[in-house]
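Some notes on the structure that comes next.
The values are calculated or read from the model by the stated rules, or taken from the named source; none is laboratory data. As the structure is a computational prediction, the values presented were derived from the model and not from experiment. As a convention, Cβ positions derive from the backbone with ideal geometry for all residues, glycine included, and neighbour counts pool all protein chains shown. Each accessible area value is taken on the protein alone, full model and side chains, heavy atoms only, with ligands, DNA and RNA left out. Shrake-Rupley method; radii C 1.70, N 1.55, O 1.52, S 1.80 Å.
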Amino acid sequence: MQELLKQIQDPTDLRKLPMEQLPQLAAEIREIIIRTVAKNGGHLASNLGAVELSLALHYAFQTPTDKLIWDVGHQCYTHKLICGRREEFHSLRQPGGISGFCNREESPYDCFTTGHSSNSISLAFGMAQARDKSGGQEKVVAVIGDGALTGGMAFEGLNHAGDLPTNFVVVLNDNGMSIGGNVGAMSRRLSALRSGRKYNRAKHSVSRLLLKLPLLGPALVDFISGFKHTIKSAVVPGMLFENFGFVYLGPIDGHDIPAMVEIFQRAAELKRPALVHVKTIKGKGMSPAEKQPELFHGMGRFDVETGASIPSDSKPSYTDIFSKTMMELAKEREDIIAVTAAMCQGTGLSPFSAAYPERFFDVGIAEQHAISFCAGLANGGQRPVAAIYSSFLQRAYDQLVEDVCLQNLPLILAVDRASLVGDDGCSHQGIFDLSYLRSIPNMTIMAPADGPELRMMLRAALDFNSPTAIRYPRCTAAVLNQSPVPIEKGKGILLREGGDFCLFAIGTMVEASLEAAELLAIRGIQAAVVNARFAAPLDQELLLKLLSRCKGRILTAEENTIKGGFGAACAESLAASGMEYDLCIAALPEQFIPQGKRNQQLAEFGLDGPGLAERAMKRWFPERMGKNGTK
């Protein structure tokens, strides 16, 4: 059988294929997606479910002139394969390879760099308005999943767009994870009627004729419209969208390419916003993924034949330790409530949700609501713990300011995926949270140096009785074998004595700083090492004490952007002291960082042990470096 995918350089080639060959092309695409994700990891189930949908969209619309906006981008692998990146697809999510999400720098077919949820309707509506203002004719399409529709921003976009007569198309990819099932043949029939050209022309013709009747005409039109609305409300699942001002079309089979192509083309001809509801099967074409779509949503490497994951490390991660500690604390305190935003498994809260379902809330992709909901819980005497990824928590900054910190409520933020996240890349890097959280009054910020310290911090946070964030990375938990020292609010601990300079480190950088101190000791340089523990409040007393004992030399280390982070906090404190100091800040650069292997990127940015040692030598001990300025 002829291989079709090799013939597709871009969607122009796709549109040359007869419709009856597209199922074969879909099968070839599924095979390459499964093989690639098995090797590289990635978002599997969502992409397998969107193969036919992606083909139908590019077949129906003249991309890249017509614009496709993929919400989140969890389903864009087929899009990449047929839009000029087939030869590069093997590099998916790898250092220097193509992104696992849409990326404007990769292709003109990617309208927006994606990775976060619920914004596609707003983006598409803005592009449609820009088109109308400039007199363009291109079509604009947003593809949003039913999960992303739980985000409040999606409804804000619907509310605004439905109020204006601008044509653009929203495709709701419903894989059955959130929205109720098909209501049957009546819905499909009404959809076909309402999308048909003859029906729409007839409806407007009848309305015009009735309006010409003296006196009774307008009343008849109003009566018929009201009666139709009542009937549709009873039998059509899309009345929610109709009430927003959209023409609702569907639901239709999201694996029937000819049906989708026809309805997409009809939707594009309407003079109003249209929402096309397609039903897909998440994980389609791979039995284990169809049976357990949540498990196969975001995958590491796995065996193609069995679907079994290939473990990369048997040691516990920080997320594992958080999960176990939450179970321990829940047994001890009945007022602990766990909250997450559509990341129950990812944040390690699945065991908690099973053991304490009445004390667990998954609010969907709604971080803003999650934080205000937690504020209400805390205000009512409960002790909520909100487990949210660092990059997703950015969405709730206003709620943290107004509803949590202004009220000084005892919410514990478990900030997972803080620091570099590896394969997910620029949209998911958790490298800004120290900066944006540190700017808020009343917010306590901690970062554990190892796994045991995370357990201690969670327990200590319950006693602080104020907003507290604990940030930890997506990696195996370090074990520093240090004697446990109780957590005292705003206090760091001195781990190593030294008089030549001080490494003042927080979180993941404590382990790297201890390694750097060992490397420097070989060259006769004695570095003190501090585990700061807190970014806010900062242990100013310990910082100034080490400053006087270490010749005024301080090297701060953090896995956060350099702007406004932990090093900036130390700089502010030192400047206010009036003492002389020589400060060097080791942090991530002021840029969006693409995907890569975390350890490699830490080395690239000089944030591993050798990198910190080299930074100190270049700054204060250049005479002890090698001939070529090397370590």
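Overview of results
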{"item": "Packing-based order for 525-533, 262-270, using average beta carbon neighbours within 10 Å, highest first", "result": "525-533, 262-270"}
{"item": "For region 106-174 and region 310-372, distance of Cα centres in Å", "result": "32"}
{"item": "Alpha carbon convex hull of the chain, volume per residue in cubic angstrom", "result": "194"}
{"item": "Hz values of 3J(HN,Hα) by residue in region 558-563 - Karplus curve (6.51, -1.76, 1.60), Gly and Pro given as x", "result": "8, 9, 8, 4, 5, 7"}
{"item": "Surface accessible to a 1.4 Å probe, Glu294 within the full protein complex, Å²", "result": "110"}
{"item": "DSSP bridge pairs, the chain: antiparallel proportion in percent, nearest 5", "result": "15"}
{"item": "Accessible surface, the chain, averaged per residue in Å² (probe 1.4 Å)", "result": "42"}
{"item": "Amide proton proximity set for His297, modelled H, under 5 Å, gap of 5+", "result": "Ala45"}
{"item": "For the chain, cysteines whose Cβ has no other cysteine Cβ within reach (under 4.7 Å)", "result": "Cys76, Cys83, Cys102, Cys111, Cys344, Cys374, Cys405, Cys426, Cys475, Cys570, Cys584"}
{"item": "For Met127, solvent-accessible area (1.4 Å; no DNA, RNA or ligand), Å²", "result": "50"}
{"item": "Distant alpha-carbon pairs in region 546-631 (separation over 18 angstrom), percent", "result": "51"}
{"item": "Within the accessible area of the chain (1.4 Å probe), percent carbon and sulfur", "result": "53"}
{"item": "In sequence order, calculated HN-Hα J values of region 252-266 (Karplus, 6.51, -1.76, 1.60; Hz; x Gly/Pro)", "result": "10, 5, x, 10, 9, 5, x, 5, 5, 4, 5, 6, 5, 5, 5"}
{"item": "Per-peptide average of other Cβ atoms within 10 Å, ordering 135-142, 332-339 highest first", "result": "135-142, 332-339"}
{"item": "Residue-by-residue Karplus 3J(HN,Hα) for region 530-547, coefficients 6.51, -1.76, 1.60, Hz, glycine and proline x", "result": "10, 8, 5, 6, 10, 8, 7, x, 6, 7, 5, 4, 5, 4, 6, 5, 5, 4"}
{"item": "Computed label-point distance, nm, for sites Lys133 and Thr476 using a 7 Å Cα→Cβ extension", "result": "5.3"}
{"item": "For Cys426, solvent-accessible area (1.4 Å; no DNA, RNA or ligand), Å²", "result": "50"}
{"item": "Efficiency of FRET from Cβ geometry, Glu332 and Leu17, R₀ 51 Å, rounded to 0.05", "result": "0.25"}
{"item": "Net length gained if the chain between His90 and Asp303 were fully extended (0.36 nm per residue, minus Cα distance)", "result": "75.0 nm"}
{"item": "Under-5 Å amide H pairs with Leu275, H placed in peptide plane, nonlocal only", "result": "Val170, Val247, Tyr248, Leu249"}
{"item": "For Gly490, distant residues with modelled amide H under 5 Å away", "result": "none"}
{"item": "Point-to-point label distance, Glu572-Ser439, nm (Cα→Cβ direction, 7 Å offset)", "result": "1.1"}
